[in-house]
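The values are calculated or read from the model by the stated rules, or taken from the named source; none is laboratory data. Being a predicted model, the structure only gives us computed values, none of them experimental. Counting neighbours? That spans all protein chains shown, and the Cβs are built from the backbone with ideal geometry, glycine included.
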Amino acid sequence: MTAGIDQGLDDLIKRYERAFNTNDAESMNALFVEDPVFVNFGGNLVDDRESLYRVQRFVFGSGGPLEDVSVSYTIERITHLTAGRAVIHARQRTLGADTASTDRPRKDPMEAIFMVVAELVGDEWRIRIGQNTPVA
């Protein structure tokens, strides 16, 4: 597909990463369609935007499990399904994770494959379906 479409998908993942790293649940939630389906890192299924926002607000909030965690996303593949739908596979890694030791590398506890089915809504890409699968 065209570079413009891929740039829009790349921007979607960059905006997701920025919202994650700034603990901005509101901005993250705005990246989703009105009726998303999302399976989070812990394997919990969330199937409406308001519930998703409550979870995001909790995990990024004061004392939440992701309050002090920053990650990076590297897109590994974009598969275009139709003119207005695409699947993005990105690798999530913890920023600043000390994965080196004298014996052997330690596993990054936040490494995952982040899969998104993106949908073009007007002129903006949004997340319809997402799943964050930990890498074993």
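Residues in region 60-78 that are out of contact with any helix residue (DSSP H, G or I) (no Cβ under 7 Å at 6 or more places or on another chain) and in contact (Cβ under 8 Å) with a residue 12 or more places away in the chain: 5 in all.
Where helices (runs of 4 or more DSSP H) fall wholly inside region 1-102, the ranges with 2 or more residues that are modelled with pLDDT under 95 are 3-21, 49-60. Restricting attention to region 30-60, report how many residues are closer than 15 Å to Trp125 by Cβ and surrounded by 17 or more Cβ atoms within 10 Å (Cβ to Cβ). Looking only at that region, the number is 3. Is it the case that Phe38 is more than 22 Å from Ile113 (Cβ to Cβ), in contact with a Gly (Cβ under 6 Å, 6 or more places away or on another chain) and not acidic (Asp, Glu)? So Phe38 fails the test.
Criterion applied to Gly8, Gly64 was being buried (at least 16 other Cβ atoms within 10 Å of the Cβ), within 20 Å of Trp125 (Cβ to Cβ) and not hydrophobic (A, V, I, L, M, F, W, C), and the one residue passing it is Gly8.
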